[in-house]
Amino acid sequence: MSRITRERLVGLLVGVGSIGVLLTSWLVVSEVFIEPTCPPLLGIPACHFVLAGYALATIGAWISEEKVGGVLFYTGAGAVVLIGIYFSFCQLQGTAQCPTFEALPMCYVSLLAGATMVAVDVVRRRLPTS
């Protein structure tokens, strides 16, 4: 019987974060070399901030047992969630156009991924250490 451990949850966090880094990197490359695809945030394409958020969250999850890991994780995951909330609201209002994948706005996906990462980390922190 498999049981949920802190280590497995760290693996899940690093996996989700890594997928976020890969997919958002694709958006950044598209933004820089092909055509503008991301709505602006403070005059900079939002996907740049989201990429930095996923990278910080992934690194923070990886070094989770150190205090700096928690700071990096929550800074990155928090940024992904907040940007996701903002642009999901803007997408619904029609004031911003998020890049889409198979007609699904990626701001919704980032919001869900970031919120999932935070929820998994809260569960991880409540588990006893091995």
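The numbers here are math on the coordinates, done by the rules we state, and not lab data. The structure displayed is predicted, hence computed values, not measured ones. For neighbour counting, all protein chains shown are included, and Cβ atoms are generated from backbone atoms with ideal geometry for every residue, glycine included.
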* Under-5 Å amide H pairs with Leu41, H placed in peptide plane, nonlocal only -> Ala46
* Considering only Val71, Val32, Val14, give the residue with the highest GNM mean-square fluctuation for the chain, with springs between Cα atoms whenever their separation is below 10 Å. => Val32
* To do: Let me have the 222 nm mean residue ellipticity of the chain computed from DSSP H runs of 4+ only, each contributing -39500 (n - 2.57), with the sum over all residues rounded to the nearest 500.
  => -25000 deg cm²/dmol
* **Rounded to 10°, Cα long-axis angle of helix 46-62 versus longest principal axis of the chain** => 10 degrees
* Give the calculated FRET efficiency between Leu41 and Thr116 to the nearest 0.05, with a Förster radius of 25 Å applied to their Cβ-Cβ distance. => 0.70
* Structure fact -> GNM on the chain, Cα springs under 10 Å; top mean-square fluctuation among Ala55, Ala96, Ala46 goes to Ala96
* Structure fact -> In a Gaussian network model of the chain with springs linking alpha carbons closer than 10 Å, the residue among Ile34, Ile85, Ile19 that fluctuates most is Ile34
* Roughly how many Å is it from the Cα centre of segment 97-126 to that of segment 1-57, as a whole number? -> 10 Å
* Structure fact -> Amide H neighbours of Thr100 at under 5 Å, excluding residues fewer than 5 places away on the same chain, with H built from the backbone geometry, are Met106
